[in-house]
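J.: Have a look at this one before I ask anything.
The values are calculated or read from the model by the stated rules, or taken from the named source; none is laboratory data. The model shown is predicted, which means the values in this text are computed figures rather than measured ones. Cβ placement follows ideal geometry from the backbone for every residue including glycine, while neighbour counts extend to all protein chains displayed.
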Amino acid sequence: MDFFVHFCMRGGDAQDPETRRRCGVVSGAAGIGLNLLLFLGKLLAGIAAASIAVTADAFNNLSDAASSVVTLIGFRLAGREADREHPFGHGRMEYLAGLVVAMLILLVGAELIQTSVRKILSPEPVAFSALSAGILAASIAVKLWMFAFNRALARKIGSAALSATAADSLSDAAATGILLLGLLAGRFLDLALDGWLGLAVALFILRTGWGAVKETVDPLLGRPMDPELAADIDRIVLGHDHILGIHDLVYHDYGPGRAMMSLHAEVPADGDFLELHDTIDHIERELKAKHHIETCIHMDPVVRDGRTEALRQQVEDLVRELDPTCSIHDFRITAGPCHTNLLFDVVVPYGFRLSDDEVRAALCQAVKGLSDRYFAVIQVERSYVERRRGA
């Protein structure tokens with residue numbers, strides 16, 4: 001298995017479009033050839049055994065060959081360079097290819113339900129033959145190899161399309177295994193299970209297809225950044241001198257290896273502007289080199305005198321008492337003759353138990369508890385990044 005994966009990668013970067021295109025083409029070509037062979041073999045086995053379930057499974061393999069064509073085309077299109085009409089590239093074609101494969105899986109499952117129900121209502125004897133059993137056993141072995149190969153490639157390059165292909169191969173192996181058990185049961189136990197087993201296979205295929213749909217639709221709709229990637233970005237940015245904190249990180253996925261990101265970096269208000277600008281430029285280049293992310297960083301100047309730091313820490317403690325998942329940023333003070341404004345943004349997770357108004361009311365009351373002179377001006381935000389607890 002490692003040999004085939006190394007052959008596809010050839011030492012290339014997993015996020016490099018050319019490497020990903022090569023992996024998709026090899027996976028698609030292997031899928032087309034092997035699934036066409038399995039289709040012919042299972043069709044012969046189904047005709048010989050007079051089994052609707054085995055025949056349906058043969059056409060499932062034919063649809064898998066079509067899915068492999070979609071995968072191959074999708075990866076070739078995804079590898080195209082950006083152009084005037086698509087300035088962010090064509091990387092999302094990989095997700096669309098995975099979605100088409102997932103829809104084909106669901107279509108096969110729905111068709112198999114119909115044929116299985118007809119078989120249950122009008123059962124017919126299934127003839128057992130060593131040839132049919134041997135073809136099905138060989139098919140299971142081939143599908144398990146295809147599952148392992150595509151899963152290894154998917155993990156290597158982080159591909160939703162290849163993950164969907166791997167899931168389809170595993171569901172095919174399980175489905176064919178159930179059919180083989182049905183043939184054996186009919187031969188040795190005289191049980192008419194063909195229709196029921198076909199129905200079980202169909203439900204398994206539908207479950208697999210739905211999982212594949214979710215895995216490919218999520219990046220198209222937009223999902224939170226991977227927490228491990230977010231943690232590494234924190235480490236890179238905060239590892240530079242003069243960077244005091246980061247917030248408002250927004251990540252846009254335009255396909256594997258094609259992402260854009262913006263964030264706010266807190267810097268000392270009394271720092272040297274040219275030196276800070278050079279630091280920000282260096283961070284943007286470092287993020288692009290390591291993670292292939294085009295990054296735009298906004299500098300937020302913050303005052304870090306003793307009084308501001310002490311009040312900021314007190315407010316942070318109040319926010320964490322409200323809920324440990326909340327955080328603050330852009331904390332600043334404006335003092336007046338009668339009262340002092342404490343201005344800050346509060347970041348809460350999606351689905352938080354309190355409304356924005358309830359968050360503001362609770363924190364305004366808590367800040368008042370520090371001093372009657374303090375007046376809180378609060379902006380409530382939602383985090384675009386799902387961070388691990390304690391991160």
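J.: So which residues in the range 288-337 are exposed (fewer than 15 other Cβ atoms within 10 Å of the Cβ) and in contact with a Gly (Cβ under 8 Å, 6 or more places away or on another chain), if there are any at all?
T.: 301
J.: Based on this model, can you work out whether residue 132 counts as crowded, with 19+ Cβ neighbours inside 10 Å, assigned to a helix (DSSP H, G or I), out of contact with any Ser or Thr (no Cβ under 7 Å at 6 or more places or on another chain) and of a type in the set (Ser, Thr, Tyr)?
T.: In short, yes.
J.: Going by the structure shown, is residue 153 farther than 30 Å from residue 78 by Cα and either in contact with a helix residue (DSSP H, G or I) (Cβ under 6 Å, 6 or more places away or on another chain) or outside the structural domain of residue 253 (by TED's automatic domain parsing) (or both)?
T.: Numbers: farther than 30 Å from residue 78 by Cα: no; either in contact with a helix residue (DSSP H, G or I) (Cβ under 6 Å, 6 or more places away or on another chain) or outside the structural domain of residue 253 (by TED's automatic domain parsing) (or both): yes.
Spelling it out, it is not the case that residue 153 is farther than 30 Å from residue 78 by Cα and either in contact with a helix residue (DSSP H, G or I) (Cβ under 6 Å, 6 or more places away or on another chain) or outside the structural domain of residue 253 (by TED's automatic domain parsing) (or both).
J.: Return the pairs, sorted by first residue and then second, in which the second residue is outside any helix (DSSP H, G or I), the first residue lies in the range 203-223 and is in contact (Cβ under 8 Å) with a residue 12 or more places away in the chain, the beta carbons are less than 6 Å apart, and the residues are 6+ apart or on different chains.
T.: So the pair list comes out as 219/253.
J.: Check whether at least one residue in the range 348-360 is out of contact with any strand residue (DSSP E or B) (no Cβ under 6 Å at 6 or more places or on another chain), modelled with pLDDT of 90 or more and either in the same structural domain as residue 232 (by TED's automatic domain parsing) or part of a helix (DSSP H, G or I) (or both), and report yes or no.
T.: Scanning the range 348-360, I find at least one residue that is out of contact with any strand residue (DSSP E or B) (no Cβ under 6 Å at 6 or more places or on another chain), modelled with pLDDT of 90 or more and either in the same structural domain as residue 232 (by TED's automatic domain parsing) or part of a helix (DSSP H, G or I) (or both), so the answer is yes.
J.: For the list (1) under 14 Å from the mean Cα position of the chain (by Cα); (2) surrounded by 19 or more Cβ atoms within 10 Å (Cβ to Cβ); (3) at pLDDT 85 or above, I need the number of the one condition that residue 161 fails.
T.: Of everything listed in (1) under 14 Å from the mean Cα position of the chain (by Cα); (2) surrounded by 19 or more Cβ atoms within 10 Å (Cβ to Cβ); (3) at pLDDT 85 or above, residue 161 misses just condition (3).
J.: Inspect all residues belonging to the range 201-210 and state whether any of them is at positive phi and out of contact with any helix residue (DSSP H, G or I) (no Cβ under 6 Å at 6 or more places or on another chain).
T.: So in the range 201-210, the residues at positive phi come out as none.
No; the residues of the range 201-210 include none that is at positive phi and out of contact with any helix residue (DSSP H, G or I) (no Cβ under 6 Å at 6 or more places or on another chain).
J.: Please go through the range 268-287 and pick out each residue that is of a type in the set (A, V, I, L, M, F, W, C) and surrounded by 12 or more Cβ atoms within 10 Å (Cβ to Cβ).
T.: Within the range 268-287, the subset of a type in the set (A, V, I, L, M, F, W, C) is 269, 273-274, 276, 280, 283, 287.
If the condition is that a residue be of a type in the set (A, V, I, L, M, F, W, C) and surrounded by 12 or more Cβ atoms within 10 Å (Cβ to Cβ), then 269, 276, 280, 283, 287 are the ones that fit.
J.: A follow-up question, please. Looking only at residues that are assigned to a helix (DSSP H, G or I) and either basic (Lys, Arg) or in contact with a strand residue (DSSP E or B) (Cβ under 9 Å, 6 or more places away or on another chain) (or both) in the range 1-30, which one is modelled with the highest pLDDT?
T.: Checked the range 1-30; the qualifying residue modelled with the highest pLDDT is 22.
J.: So which pairs qualify, if the first residue must be in the range 259-280 and without any contact (Cβ under 8 Å) to a residue 40 or more places away in the chain and of a type in the set (A, V, I, L, M, F, W, C), the second must be surrounded by 12 or more Cβ atoms within 10 Å (Cβ to Cβ) and in a helix (DSSP H, G or I), the Cβ gap must be under 6 Å, and the two must be at least 6 apart or on different chains?
T.: 267/276
J.: Could you say which residue among 67, 63, 116 is among the hydroxyl-bearing types (Ser, Thr, Tyr), surrounded by fewer than 22 Cβ atoms within 10 Å (Cβ to Cβ) and either part of a helix (DSSP H, G or I) or not assigned by TED's automatic domain parsing to the domain that holds residue 172 (or both)?
T.: Only one candidate qualifies: 63.
J.: Report, ordered by the first and then the second residue, all pairs with beta carbons closer than 6 Å, sequence separation of six or more or different chains, a first member in the range 170-183 that is under 14 Å from residue 39 (Cα atoms), and a second member that is of a type in the set (Gly, Ala, Ser) and surrounded by 24 or more Cβ atoms within 10 Å (Cβ to Cβ).
T.: Once the first residue is under 14 Å from residue 39 (Cα atoms) and sits in the range 170-183, its partners that are of a type in the set (Gly, Ala, Ser) and surrounded by 24 or more Cβ atoms within 10 Å (Cβ to Cβ) give 176/139.
J.: Kindly indicate whether any position in the range 304-315 is farther than 28 Å from residue 236 by Cβ, in a helix (DSSP H, G or I) and under 32 Å from the mean Cα position of the chain (by Cα).
T.: No, the conditions are met nowhere in the range 304-315.
J.: Any residue at all in the range 210-218 that's among the charged types (D, E, K, R) and either more than 11 Å from the chain's Cα centre (by Cα) or not in a helix (DSSP H, G or I) (or both)?
T.: There is no residue in the range 210-218 that is among the charged types (D, E, K, R) and either more than 11 Å from the chain's Cα centre (by Cα) or not in a helix (DSSP H, G or I) (or both).
J.: Let me ask something else. Kindly list, by first and then second residue, each pair from a residue in the range 317-332 that is within 13 Å of residue 360 (Cα to Cα) and part of a helix (DSSP H, G or I) to a residue that is among the aromatic types (Phe, Trp, Tyr) and modelled with pLDDT of 90 or more, limited to pairs with Cβ atoms under 8 Å and residues at least 6 apart or on different chains.
T.: none
J.: Surrounded by fewer than 13 Cβ atoms within 10 Å (Cβ to Cβ), touching a Cys at 6+ places or on another chain (Cβ under 8 Å), not assigned by TED's automatic domain parsing to the domain that holds residue 243 and not acidic (Asp, Glu): does that describe residue 373?
T.: When the stated conditions are applied, residue 373 passes them.
J.: Do we have residue 92 as over 21 Å from residue 182 (Cβ atoms), in the same structural domain as residue 212 (by TED's automatic domain parsing) and among the basic types (Lys, Arg) here?
T.: yes
J.: Something else about it: Quickly run through the range 277-297 and pick out the residues that are touching a helix residue (DSSP H, G or I) at 6+ places or on another chain (Cβ under 9 Å) and not in a helix (DSSP H, G or I).
T.: Within the range 277-297, 293, 294, 295, 296, 297 meet the criteria.
J.: Output the number of residues of the range 233-261 satisfying the condition of being under 25 Å from residue 326 (Cα atoms), surrounded by fewer than 17 Cβ atoms within 10 Å (Cβ to Cβ) and within 20 Å of the chain's Cα centre (by Cα).
T.: Of the residues in that region, 2 qualify.
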